[in-house]
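Beneath this line is the structure, given in structure tokens, with notes to follow.
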Amino acid sequence: MKAMEKMYLYTRFERFWHWAQAALISVLALTGFELHGSFTLFGFERAHDIHEFCAWSWVVLWAFIVFWIITTGEWRQYVPTTRKVIEVARYYAIGIFRGEAHPVPKTTRAKHNPLQRLTYLSLAALLLPVQMGSGLLYMFFNDWPALGLTGVLSLDGLAFVHTALAFALVAFIVIHVYMTTTGHSVWAHITAMFTGWEEVEDADAVQEWERKTERF
């Protein structure tokens, strides 16, 4: 077995917004489901206040994330590609249980494999904006007449969309947490998101894939 080598992949701000967003989504889901009457933890009024505070905090954080991604050029990490997407899908379905090497090594130019790119782009471009937008429309329901939205939008329909997307986000987090355990050790990927340093086993394979990603 080759000795592990470390590669610095995740900057401080990248790690900060990753964990901050995960925490905000978790608290929003927890308080949101309490507001729906699924259980009682904080109490309705306190749950409402926490939910609203976290919602605005998420909007502000998201604005900084988008600004950072655009200005640093990190948007290239999310450009969709079908290169090796079948190989990656096969790896997660079969190869990972056979101890095979990941077909797409992580590099500073390509931190995300093809499936991750498609997933993260769908989240960033569709699911998260709709979730935030539906939440804000729900929050400003009393202002619908002044905004000319009465009769255009349905509160029940909006609540359904917001709740359905909340379930989708919870499902994503569960799957995401599971996927973090699929590195060369259970804690490898999680540790990398704390330290910024990712351990790689085959540095030559990483360098070769780095050269192949120059067209991304």
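The values are calculated or read from the model by the stated rules, or taken from the named source; none is laboratory data. Quick caveat: nothing in here was measured; it's all calculated off a predicted structure. So basically every Cβ, Gly included, is an ideal-geometry build from the backbone, and we count neighbours across all protein chains shown.
Report whether or not Ser122 is part of a helix (DSSP H, G or I) and either among the basic types (Lys, Arg) or within 18 Å of the chain's Cα centre (by Cα) (or both).
yes
Please work out which residue is modelled with the highest pLDDT, limiting yourself to the stretch 184-198 and to residues that are more than 18 Å from the chain's Cα centre (by Cα) and β-branched (Val, Ile, Thr).
Residue satisfying both the conditions and the ranking: Thr195.
Out of the residues in the stretch 87-106 meeting the condition of being touching a Phe, Trp or Tyr at 6+ places or on another chain (Cβ under 9 Å) and among the charged types (D, E, K, R), tell me which one is surrounded by the fewest Cβ atoms within 10 Å (Cβ to Cβ).
Here the answer is Glu100.
Do we have Ala125 as surrounded by fewer than 16 Cβ atoms within 10 Å (Cβ to Cβ), more than 17 Å from Phe13 (Cβ to Cβ) and at pLDDT below 95 here? If you could, list the steps in order and put the result at the bottom.
Values: surrounded by fewer than 16 Cβ atoms within 10 Å (Cβ to Cβ): yes; more than 17 Å from Phe13 (Cβ to Cβ): yes; at pLDDT below 95: yes.
For Ala125, the condition - surrounded by fewer than 16 Cβ atoms within 10 Å (Cβ to Cβ), more than 17 Å from Phe13 (Cβ to Cβ) and at pLDDT below 95 - is met.
Quick one: count up the residues across the stretch 132-158 that are in contact (Cβ under 8 Å) with a residue 12 or more places away in the chain and in a helix (DSSP H, G or I).
10
I'd like to know if the stretch 53-66 contains one or more residues that are among the hydroxyl-bearing types (Ser, Thr, Tyr) and over 18 Å from the mean Cα position of the chain (by Cα).
No, the conditions are met nowhere in the stretch 53-66.
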